[in-house]
1. I'm checking my understanding of the structure. Among residues of the stretch B:1-25 that are aliphatic (A, V, I, L, M) and surrounded by 12 or more Cβ atoms within 10 Å (Cβ to Cβ), which one is nearest to the chain's Cα centre (by Cα)?
2. Give the residue that is farthest from A:Ile94 (Cα to Cα), with candidates limited to residues of the stretch A:23-57 that are touching a residue at least 60 places away in the same chain (Cβ under 8 Å) and open to solvent by 10 Å² or more (accessible area, probe 1.4 Å).
3. Working carefully through the options B:Ser62, B:Ser58, find the one that is at the interface with chain A (Cβ under 9 Å from one of its Cβ atoms) and assigned to a loop (DSSP other than H, G, I, E, B).
4. On the given criteria, is A:Asp8 closer than 25 Å to B:Val89 by Cβ and part of a loop (DSSP other than H, G, I, E, B)?
5. Looking at the stretch B:40-55 only, could you name the residues that are open to solvent by 20 Å² or more (accessible area, probe 1.4 Å), within 11 Å of another protein chain (Cβ to nearest Cβ) and not polar (S, T, N, Q)?
6. For A:Phe67, state whether it is more than 14 Å from chain B (Cβ to nearest Cβ), open to solvent by less than 20 Å² (accessible area, probe 1.4 Å), more than 19 Å from B:Ser95 (Cβ to Cβ) and touching a Leu at 6+ places or on another chain (Cβ under 6 Å).
7. Report yes if some residue within the stretch A:50-58 is in a strand (DSSP E or B), more than 14 Å from chain B (Cβ to nearest Cβ) and touching a strand residue (DSSP E or B) at 6+ places or on another chain (Cβ under 6 Å); otherwise report no.
8. Taking the stretch A:11-22 as the search range and keeping residues that are assigned to a loop (DSSP other than H, G, I, E, B) and open to solvent by 60 Å² or more (accessible area, probe 1.4 Å), which one is nearest to A:Ser72 (Cα to Cα)?
Amino acid sequence: AQSVTQPDIHITVSEGASLELRCNYSYGATPYLFWYVQSPGQGLQLLLKYFSGDTLVQGIKGFEAEFKRSQSSFNLRKPSVHWSDAAEYFCAVIGGYGQNFVFGPGTRLSVLP
Amino acid sequence: GAGVSQSPRYKVAKRGQDVALRCDPISGHVSLFWYQQALGQGPEFLTYFQNEAQLDKSGLPSDRFFAERPEGSVSTLKIQRTQQEDSAVYLCASSSPLGYQETQYFGPGTRLLVL
């Protein structure tokens, strides 16, 4: 069965610092990978997705992610964090019949002024 | 509106009550998904519709949960005889056209609290 792990439950960074959120997946075939962000009381917003091709994917709000098949990872990065980036971040993989997502448990990002 | 909408946004129910949660997908979207998100956890798949057909309901936690999409657009998730463990945010998502590659667009969710 497909699974997604996000090893960091909570990360705190200072505004302007760089950020990397880790995601590891378990999937038998070529994965389709996503990062979503969820602000308090809000729905999930897509940051970026990987289906094939270039393993470095650019997303919205200055985020990028790199797919590394050898490490089964799809880590999310941002060179300079803004206070408005404080939110919950979810990594997800398409899995199972019916194209439903399998989500990781999420990483909560706090940003210090 | 252009996005997925859900109603009500908040629902408080007494244990044993029945509740109905509504999802309005993006117009024309063929696929519709329901997810349950418990506090502090990632969303978990409940069920999937392709037009009016419910193709996968493997994630429904019990026979108290029932979903329908009779005309292939609006969907309703019904929970009968609610229990405290049903307290969660229920998310709806839609996508189109068919295919694994399509992005799912999520609604804001319905936060259900069962007392």
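The values are calculated or read from the model by the stated rules, or taken from the named source; none is laboratory data. Treat the numbers as computed from the prediction; the structure is a model and nothing was measured. Counting neighbours? That spans all protein chains shown, and the Cβs are built from the backbone with ideal geometry, glycine included. Accessible surface is based on the protein model in full, side chains and every heavy atom, while ligands, DNA and RNA are left aside. Shrake-Rupley method; radii C 1.70, N 1.55, O 1.52, S 1.80 Å.
1. B:Leu21
2. Looking at residues that are touching a residue at least 60 places away in the same chain (Cβ under 8 Å) and open to solvent by 10 Å² or more (accessible area, probe 1.4 Å), I get A:Gln38.
3. Result: B:Ser58 is the single residue among B:Ser62, B:Ser58 that is at the interface with chain A (Cβ under 9 Å from one of its Cβ atoms) and assigned to a loop (DSSP other than H, G, I, E, B).
4. Considered against the rule, which asks whether it is closer than 25 Å to B:Val89 by Cβ and part of a loop (DSSP other than H, G, I, E, B), A:Asp8 comes out as yes.
5. B:Gly40, B:Glu44, B:Phe45, B:Ala53, B:Leu55
6. It is false that A:Phe67 is more than 14 Å from chain B (Cβ to nearest Cβ), open to solvent by less than 20 Å² (accessible area, probe 1.4 Å), more than 19 Å from B:Ser95 (Cβ to Cβ) and touching a Leu at 6+ places or on another chain (Cβ under 6 Å).
7. Yes, the conditions are met somewhere in the stretch A:50-58.
8. That would be A:Arg22.
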